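The values are calculated or read from the model by the stated rules, or taken from the named source; none is laboratory data. No experiment lies behind these values; they were computed from the predicted model shown. With ideal geometry, Cβ positions are generated from the backbone for all residues, glycine too; neighbour counts draw on all protein chains shown. Just the protein is used for accessible areas: all its heavy atoms, side chains included, with ligands, DNA and RNA removed. Shrake-Rupley method; radii C 1.70, N 1.55, O 1.52, S 1.80 Å.
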Amino acid sequence: MARHMFRIILLGDSTVGKSSLLRRYTEGSFIPAPCPTVGVEFYSKMMELPPGIKVKLQLWDTAGQERFRCITRSFYRNAVGVLLVFDMTNRKSFEHIIEWYHEVASIQIMEKVIFLLIGHKSDLKSDCKISTEEAEGLAASLGIGFIETSAKSNTNVDLAFETLTNTIYEALKNKEIDLQEGWDGVKVIHKRTCNPQKKRRKPQEKCQC
Amino acid sequence: MAFGLIPILFPLSSLGQPPVELIRHREARWLEMTSHWEKAMARRYKKVLCRKGIPSSMRARCWPLLCGGQSSMDRNLGKYKELEQSPGDPQWLETIEKDIHRQFPFHEMFLSPEGHGQRGLMQLLKAYTVYRPHEGYCQAQGPVAAVLLMHMPAEQAFWCLVQISERYLPGYYSPEMEAVLLDGEVFVALLRRVCPKAYKHLQKHSVGPLLYVTEWFLCLYSRTLPFPTVLRIWDTFLSEGVKVLFRVGLVLVRLALGSSENLRDCTGVVETLEKLRSIPARLVLGEYGGVHITLAWGKMGDPGTGEGRRRYTGSLHGEKLGKGGRQSPWHGANLGP
């Protein structure tokens with residue numbers, strides 16, 4: 001039985017709610033005002049796809065401020081899935097999605113990266129500045145999916161990650177994504193081929209500092 | 001309520017106060033020193049005293065003196081008021097505003113949007129963008145400014161932030177953040193020498209330094225370690241400079257990944273980063289909330305982040321950052337003091 005590992009990265013402007021989305025998904029909690037992400041943070045979660053396929057998701061949260069791109073950029077190339085997140089109450093964050101998309105497209109070495117557009121903070125209906133139709137239009141023009149989510153009211157959060165994971169898995173099955181040596185976006189671990197834990201000669205050995 | 005932090009949320013923040021007599025003794029000593037600062041700072045024991053920790057009541061006075069913020073302020077009388085009153089670039093204001101309520105939300109000073117903490121932070125960060133329009137605001141300056149504001153009035157805090165951003169960590173908060181990228185590489189090279197076991201492990205799993213040192217260095221550990229420890233690190237950092245950040249980082253990596261026992265649980269990137277993120281506080285907290293890390297001050301020799309770093313930077317001069325790679329000529333350089 002094979003086990004999969006998918007690396008997924010979240011991109012989008014500052015304060016669109018990338019960290020909250022990830023916290024809701026991995027820890028089931030919601031903090032109203034988390035500290036701004038500095039650099040890159042990571043989370044992980046196991047997911048089981050219907051036919052008993054286990055997938056470990058490596059989820060990378062990134063700082064949204066533009067100047068951090070010099071740090072976060074180096075992580076794009078090793079991702080198989082990208083969640084492009086915007087805040088439905090913030091028009092600018094929506095307009096910047098296209099920039100984020102091209103950022104990845106210009107760096108990614110793989111032919112196929114799976115994107116999903118996320119309209120976040122959908123609970124703030126009255127403040128919404130972007131209609132569902134408009135967001136769907138953008139997603140269609142980029143050839144990607146779109147889901148509205150809210151970490152606060154826990155709406156569609158699981159669905160978003162499941163959709164992305166399923167799409168990646170399907171693409172993998174159809175050989176649209178090929179596994180390359182030295183690329184960490186997808187790993188397939190065959191249990192039988194795994195080395196059993198080697199016995200260390202000196203388990204107590206400390207660093208020579 | 002120690003350090004203004006709400007105790008239920010920060011159980012460790014009330015730990016580690018030295019006995020009252022010792023506090024009084026140190027206070028008297030520092031007070032005496034501040035009355036003839038130049039002379040006192042020329043003496044050799046300055047480093048030792050700062051490593052022992054500056055008494056809480058004296059930090060407001062001593063940090064600006066130590067980092068040169070006080071003398072910048074004295075040279076630029078009235079400047080801060082002028083910057084504070086300037087309207088500022090609306091784009092920066094918007095960016096700063098989004099972060100203000102997200103800095104230390106569990107500190108009494110920063111609880112309320114109307115409180116003087118949040119308002120002061122807004123003014124201070126805005127003032128910096130007016131003072132250095134090309135540098136602007138970096139999100140990592142928020143927590144640094146907040147810690148400064150917890151200790152001193154806005155004007156002093158502003159000049160300390162200027163010193164930290166320009167003298168101590170030039171290029172850390174700037175639009176290209178080139179110095180952080182560079183120091184990440186330097187850190188790995190030092191780690192290779194100081195703790196080869198952890199170095200090999202990190203290389204094997206391709207865990208680059210930017211995954212863990214970015215927040216440590218940019219926020220000066222203020223979001224990583226127990227608060228008493230953070231303050232002790234800042235005392236030393238302001239007295240000795242950036243090498244303190246490296247040393248603390250090296251000790252943290254060693255605590256997390258220095259033994260085969262610890263490494264056995266780290267089968268991949270995620271597990272390794274998890275280990276680095278969750279170093280038990282008891283390992284870090286030393287005497288009086290200070291740093292076990294002080295153990296490392298002498299032990300590691302001087303990983304030469306002064307001289308070594310300069311040489312490394314020199315070797316990259318003219319090249320595009322990052323291209324120097326890990327095989328830079330700096331590897332062979334003598335790092336010792």
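Summary table
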| item | result |
| --- | --- |
| Hits in segment A:122-176 (condition: open to solvent by 60 Å² or more (accessible area, probe 1.4 Å), over 30 Å from A:Pro32 (Cα atoms) and assigned to a helix (DSSP H, G or I)) | A:Ala140, A:Ser141, A:Thr167, A:Glu170, A:Lys173 |
| Condition check for B:Phe217: within 11 Å of the chain's Cα centre (by Cα), touching a residue at least 40 places away in the same chain (Cβ under 8 Å) and facing another protein chain (nearest Cβ under 10 Å) | yes |
| Selection count where residues are touching a strand residue (DSSP E or B) at 6+ places or on another chain (Cβ under 9 Å) and surrounded by fewer than 21 Cβ atoms within 10 Å (Cβ to Cβ), scope segment B:93-121 | 2 |
| Test: B:Leu124 is away from every other protein chain (no Cβ under 14 Å), in contact (Cβ under 8 Å) with a residue 60 or more places away in the chain and open to solvent by less than 20 Å² (accessible area, probe 1.4 Å) | no |
| Inter-residue pairs, beta-carbon under 8 Å, first under 20 Å from B:Leu273 (Cβ atoms) and in segment A:51-75, second modelled with pLDDT under 90 and assigned to a strand (DSSP E or B), 6+ apart | A:Val55/A:Arg3; A:Val55/A:Leu49; A:Lys56/A:Arg3 |
| Residue count, segment B:59-87 (criterion: at positive phi and part of a helix (DSSP H, G or I)) | 0 |
| Yes/no for B:Pro113 being assigned to a loop (DSSP other than H, G, I, E, B) and within 13 Å of chain A (Cβ to nearest Cβ) | yes |
| Qualifying residue in segment B:265-286 (condition: open to solvent by 10 Å² or more (accessible area, probe 1.4 Å), closer than 25 Å to B:Leu148 by Cβ, at pLDDT below 95 and part of a strand (DSSP E or B)) | yes |
| Check on A:Glu95, modelled with pLDDT under 95 and acidic (Asp, Glu) | no |
| Hits in segment B:238-258 (condition: outside any helix (DSSP H, G or I) and within 15 Å of B:Leu191 (Cβ to Cβ)) | B:Gly258 |
| Filtered residues of segment B:190-214 (kept if assigned to a helix (DSSP H, G or I) and open to solvent by 10 Å² or more (accessible area, probe 1.4 Å)) | B:Arg192, B:Arg193, B:Val194, B:Pro196, B:Lys197, B:Tyr199, B:Lys200, B:His201, B:Gln203, B:Lys204, B:Leu210, B:Leu211 |
| Number of the exception - B:Leu182 against (1) in contact (Cβ under 8 Å) with a residue 40 or more places away in the chain; (2) open to solvent by 10 Å² or more (accessible area, probe 1.4 Å); (3) over 30 Å from B:Ser72 (Cα atoms) | (3) |
| Residues that are open to solvent by less than 10 Å² (accessible area, probe 1.4 Å) and within 19 Å of B:Pro170 (Cβ to Cβ), drawn from segment B:242-258 | B:Val244, B:Leu245, B:Phe246, B:Gly249 |
| All helices (runs of 4 or more DSSP H) inside segment A:1-113 with 3 or more residues being open to solvent by 50 Å² or more (accessible area, probe 1.4 Å) | A:91-95, A:97-107 |
| Close pairs from segment B:195-212: first more than 9 Å from every other protein chain (Cβ to nearest Cβ), partner open to solvent by 40 Å² or more (accessible area, probe 1.4 Å), Cβ under 6 Å, at least 6 apart | B:Tyr199/B:Arg192 |
| Filter result for the condition that a residue is outside any loop (DSSP other than H, G, I, E, B) and more than 30 Å from B:Thr214 (Cβ to Cβ), over B:Lys47, B:Lys39, B:Lys126 | B:Lys39 |
| Qualifying position, being in contact with a strand residue (DSSP E or B) (Cβ under 9 Å, 6 or more places away or on another chain), among the hydrophobic types (A, V, I, L, M, F, W, C) and closer than 26 Å to B:His107 by Cβ, among B:Ala146, B:Ala157, B:Ala140 | B:Ala146 |
| Residue list for segment A:15-33, filter: without any contact (Cβ under 8 Å) to a residue 60 or more places away in the chain and at the interface with another protein chain (Cβ under 7 Å from one of its Cβ atoms) | A:Ala33 |
| Residue within segment B:142-162 that is surrounded by fewer than 23 Cβ atoms within 10 Å (Cβ to Cβ), within 13 Å of another protein chain (Cβ to nearest Cβ) and not in a helix (DSSP H, G or I) present | no |
| Among the residues listed as B:Val230, B:Val213, B:Val194, B:Val186, the single one being touching a Lys or Arg at 6+ places or on another chain (Cβ under 6 Å) and aliphatic (A, V, I, L, M) | B:Val186 |
| Boolean, B:Arg167 is under 22 Å from B:Pro64 (Cα atoms), open to solvent by 10 Å² or more (accessible area, probe 1.4 Å) and either not assigned by TED's automatic domain parsing to the domain that holds B:Asp74 or not β-branched (Val, Ile, Thr) (or both) | yes |
| Residues that are within 14 Å of another protein chain (Cβ to nearest Cβ) and either surrounded by fewer than 16 Cβ atoms within 10 Å (Cβ to Cβ) or within 30 Å of B:Ile23 (Cβ to Cβ) (or both), drawn from segment B:41-92 | B:Pro90, B:Gln91 |
